[in-house]
Amino acid sequence: MATGFGIIGCGMISNFHARAVGDIRGAKVVACQDAVPAAAERLAKETGCRPYAKLKDMLADPEVDVVTIGTPSGAHLEPAVAAARAGKHVIVEKPLEITLKRCDKIIAECEKAGVTLSTIFPSRFHRTSVEIKKALDQGRFGQLTAGDAYVKWYRSQEYYDSGAWRGTWELDGGGALMNQAIHSVDLLLWLMGPVVEIRAQTALLAHKRIDVEDHAVATLRFANGALGVIEASTAVYPGYLKRIEINGTAGSAVMEEEDLVKWDFAKAKPRDTEIHKQMAAAVSTGGGAADPSAIGHHGHTHQFQDVLKAIQKGTAPLIDGHEGRRSVEVILAIYKAAETGRAVALPLPSDPVLKARKTGVGK
């Protein structure tokens, strides 16, 4: 019998969830729900599943085993808690939530209910990401010296005007960092390890009628002693591929979107020859640099498969709730550092109180 998926929130991202499930043998989208009935009916028509207008009705459907949540970022808590209490496994689109308190509530409710929780960060499942992580675990980089993430994207004013929740602290949770760059923030933390100190500046430079930043620059100190940079923007025309750079005393690797563009080590291994051949033949997609819908769903497919394996084995998925919380904490620390003009130490003792949530971006 196929594992039944229910999709909560039938906006743009629901299409990627549905395609990802459709690629998995033994899995099927059986239900969807949206507060706007027409949105649920559209997805139901495309997938052949049952549409629901009320969440409680979908969660009462006995064929729904796992739910995916693609509501606005600041509205993940309520459906996640309801699903956990209904005994459904929970997969939440990034970010897990927009405050640490709300993240912790989701984690606690899923643990209490004994259901699996995962936060969607498909970039970890790209072959390139896995190769870099493997090389790091093998110590091939030597002493790590730098870890950087650059997300210089472009979003038009029409993008922000297309949804009342976009560009708001209440539902978007932030701007270029919380919405667009969080995938790269998660990947950087996975590769480099925890951050212990942050300094930052944010600005609203190219858009109107939003409360959040469209450009941010942060400098990081990692627990391993390395330094790093996170730069995030939706104000760089025409938008460029996101980039991760990992550097050490014995090796360096650079990834653009899903492609390895640099792979240099003091001590070569036979596998390096194959990787360089793959690098020469690689042709990257736009990766959402200018168009948020211009992404593939294969990363979601791999992550959903990982979650299903974890459910079957009774183990934690690669990206559980605690892993999902880490990137939110770092981004909130960046916002606090930008607002105060001071270094912020991690871990944060609690959710930072940000004046920016009422008055706009930080310094």
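The values are calculated or read from the model by the stated rules, or taken from the named source; none is laboratory data. The structure displayed is predicted, hence computed values, not measured ones. Quick reminder, even Gly has a Cβ in these numbers, built from the backbone with ideal geometry, and neighbours come from all protein chains shown.
Assorted remarks:
- Each residue in region 181-211 was checked for being of a type in the set (V, I, T) and either surrounded by fewer than 18 Cβ atoms within 10 Å (Cβ to Cβ) or over 18 Å from the mean Cα position of the chain (by Cα) (or both), and 4 pass.
- Of the residues K105, K134, the single one that is more than 18 Å from the chain's Cα centre (by Cα), part of a helix (DSSP H, G or I) and not assigned by TED's automatic domain parsing to the domain that holds I24 is K134.
- For region 74-92, a tally of residues being assigned to a helix (DSSP H, G or I) and under 18 Å from C110 (Cβ atoms) returns 10.
- Condition check for G70 on (1) more than 22 Å from A164 (Cα to Cα); (2) of a type outside the set (V, I, T); (3) in contact (Cβ under 8 Å) with a residue 24 or more places away in the chain: one failure, at (1).
- Criterion: within 23 Å of P122 (Cα to Cα), modelled with pLDDT of 95 or more and in contact with an Asp or Glu (Cβ under 7 Å, 6 or more places away or on another chain) - qualifying residue of G26, G4, G22: G4
- Among residues of region 243-281, those that are within 29 Å of the chain's Cα centre (by Cα), farther than 14 Å from A146 by Cα and basic (K, R), counted: 1
- Taken as a whole, region 24-34 holds no residue that is touching a residue at least 12 places away in the same chain (Cβ under 8 Å), part of a helix (DSSP H, G or I) and either surrounded by fewer than 19 Cβ atoms within 10 Å (Cβ to Cβ) or in the same structural domain as R102 (by TED's automatic domain parsing) (or both).
- In region 37-67, the qualifying residues are those that are of a type outside the set (A, V, I, L, M) and part of a helix (DSSP H, G or I), and the one that is surrounded by the most Cβ atoms within 10 Å (Cβ to Cβ) is T47.
- Residue, surrounded by the fewest Cβ atoms within 10 Å (Cβ to Cβ), within region 137-158, restricted to residues that are over 21 Å from S327 (Cα atoms) and within 19 Å of the chain's Cα centre (by Cα): Y154
- Residue match in region 264-273 (condition: of a type in the set (S, T, Y) and in contact (Cβ under 8 Å) with a residue 12 or more places away in the chain): no
- Exclusive hit being touching a Lys or Arg at 6+ places or on another chain (Cβ under 8 Å) and in contact (Cβ under 8 Å) with a residue 40 or more places away in the chain, set L77, L59: L59
- Residues located in region 130-159, provided they are among the hydroxyl-bearing types (S, T, Y) and either free of Cβ contacts under 8 Å to residues at least 24 places away in the same chain or within 20 Å of V330 (Cα to Cα) (or both): T145, Y150, S156
- Some residue of region 249-265 being on the phi > 0 side of the Ramachandran plot, surrounded by 15 or more Cβ atoms within 10 Å (Cβ to Cβ), in contact with a Gly (Cβ under 6 Å, 6 or more places away or on another chain) and of a type outside the set (F, W, Y): yes
- Verdict on T128 being in a loop (DSSP other than H, G, I, E, B) and farther than 19 Å from P317 by Cβ: no
- Scanning region 304-363 for residues that are charged (D, E, K, R), assigned to a loop (DSSP other than H, G, I, E, B), at pLDDT 95 or above and under 21 Å from the mean Cα position of the chain (by Cα) yields a count of 1.
- Once region 308-325 is narrowed to residues that are touching a helix residue (DSSP H, G or I) at 6+ places or on another chain (Cβ under 7 Å) and either surrounded by fewer than 21 Cβ atoms within 10 Å (Cβ to Cβ) or of a type in the set (F, W, Y) (or both), the residue that is farthest from T3 (Cα to Cα) is R325.
- Residue check, T128 surrounded by 19 or more Cβ atoms within 10 Å (Cβ to Cβ), outside the structural domain of P194 (by TED's automatic domain parsing) and not aliphatic (A, V, I, L, M): no
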